[in-house]
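The values are calculated or read from the model by the stated rules, or taken from the named source; none is laboratory data. Only a predicted model underlies this, so the values are computations on that prediction, with no experimental measurement involved. Glycine also receives a Cβ, built like all others from the backbone with ideal geometry; neighbour counts cover every protein chain displayed.
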Amino acid sequence: MKRRLVLIAVTLCACGPLLSGAPKARYDYYLTGNAADATGETTLGIGLMGGGTDVDALFTWMSARAGGGDFVVIRASGADGYNQYVFDLGDFDSVETLVLQNRSASFDPFVLQTIRNAEALFIAGGDQSNYVDFWKGTPVEDAIHELSAKQIPIAGTSAGTAILTEFVYAALRKSATSAIALADPFDRDITLDRDFLDLPYARPGYRHVFHLYEIETKNPADRNKMLEYLNKNGVDAKTHYSIPIHQQEGFPWGKSARIAGPLANADKNSSSCISLPMFPELTEEEIQYTIQLVRDWPKNR
């Protein structure tokens, strides 16, 4: 049975390579579970949650990839709201929360070691402008990249999700409403940032090109049945261009194009193709599992 152990420490220190006179690091630290560092075999994954009500399935998904290790939450406001909730949901040795309240905290040795020791990292919601101001260009940013390189699952919600993208709505001024953004995309309150977190990590010698690995059902009427079968068995298969490009509204989108004759192959492919997951971090076990499911489809249709 899991036992609840919560330690709360508020630490103020001048540390790291900060210049003399720089503000002291301000952060809160919360622990639920085992204080000792744990290790486990991990699998990379990027989880994006939209904010609002937390989704249990995200944390159980992270648990399955964390190898029974330590789950670390980083944020700039709030407290330990995730600790017991996540600890009870997953198979984690501990859940730790760091509330980093200024930029100086991103240079603190204890903060950096706690992040680097994580087997799963979660970035909570809040104000993403603080994450950009406090973490970008600091050892915390480097530590997150190190976790990705070690194949650690990383996820976020709300503001935490926003900074996991290539282009970040940084909200460095006051928030821009949808009405303002639609009326004037160059409004001064629409502040964007980039070159912050570079995820997912690509193995040395590899690069993500986001091509598709397609399979095709002989009978187009079977495509959706097979897609449902794969999804139910844990394979995140998708369909692409379910409406053929030449039949999509607005085609050819202002360009000069003329269709000469029928496009029978495009029509058939749109109703019979399934895209299987394909990316460098797929494990051999996941690949073989997917292959076996595809092979078993005829007897499960």
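Observations on the model:
- Those residues of the range 257-274 which are touching a Leu at 6+ places or on another chain (Cβ under 7 Å) and within 12 Å of Gln247 (Cα to Cα), in sequence order: none
- Filter pass, Ile190 being farther than 26 Å from Phe279 by Cα and part of a loop (DSSP other than H, G, I, E, B): yes
- Scanning the range 6-42 for residues that are assigned to a loop (DSSP other than H, G, I, E, B), modelled with pLDDT of 50 or more and either buried (at least 17 other Cβ atoms within 10 Å of the Cβ) or among the aliphatic types (A, V, I, L, M) (or both) turns up Ala22, Ala35, Ala36, Ala38, Thr42.
- Arg295, sole failed condition from (1) surrounded by 11 or more Cβ atoms within 10 Å (Cβ to Cβ); (2) in a helix (DSSP H, G or I); (3) out of contact with any helix residue (DSSP H, G or I) (no Cβ under 8 Å at 6 or more places or on another chain); (4) not polar (S, T, N, Q): (1)
- Residue that is modelled with the highest pLDDT [pool: residues in the range 201-228 that are within 27 Å of Pro153 (Cβ to Cβ), touching a strand residue (DSSP E or B) at 6+ places or on another chain (Cβ under 8 Å) and not in a strand (DSSP E or B)]: Leu227
- Residue pairs whose Cβ atoms lie under 8 Å apart, sitting 6 or more positions apart in sequence or on different chains, and linking a residue in the range 276-301 that is over 18 Å from Thr239 (Cβ atoms) to a partner that is exposed (fewer than 13 other Cβ atoms within 10 Å of the Cβ) and of a type in the set (Ser, Thr, Tyr), are Pro280/Tyr206.
- Flag for Arg207 being loosely packed, with under 13 Cβ neighbours inside 10 Å and not acidic (Asp, Glu): yes
- Listed by first and then second residue, the pairs with beta-carbon distance under 6 Å, at least 6 apart or on different chains, first residue in the range 110-122 and assigned by TED's automatic domain parsing to the domain that holds Tyr29, second surrounded by fewer than 21 Cβ atoms within 10 Å (Cβ to Cβ) and hydroxyl-bearing (Ser, Thr, Tyr), are Glu119/Thr42.
- Residue list for the range 250-293, filter: charged (D, E, K, R), over 30 Å from the mean Cα position of the chain (by Cα) and at pLDDT below 85: Lys255, Arg258
- Near pairs, Cβ below 7 angstrom, 6+ apart or cross-chain, from the range 166-191 (in the same structural domain as Gly125 (by TED's automatic domain parsing) and within 29 Å of His145 (Cα to Cα)) to any residue that is surrounded by 10 or more Cβ atoms within 10 Å (Cβ to Cβ) and of a type in the set (Phe, Trp, Tyr): Val168/Phe196
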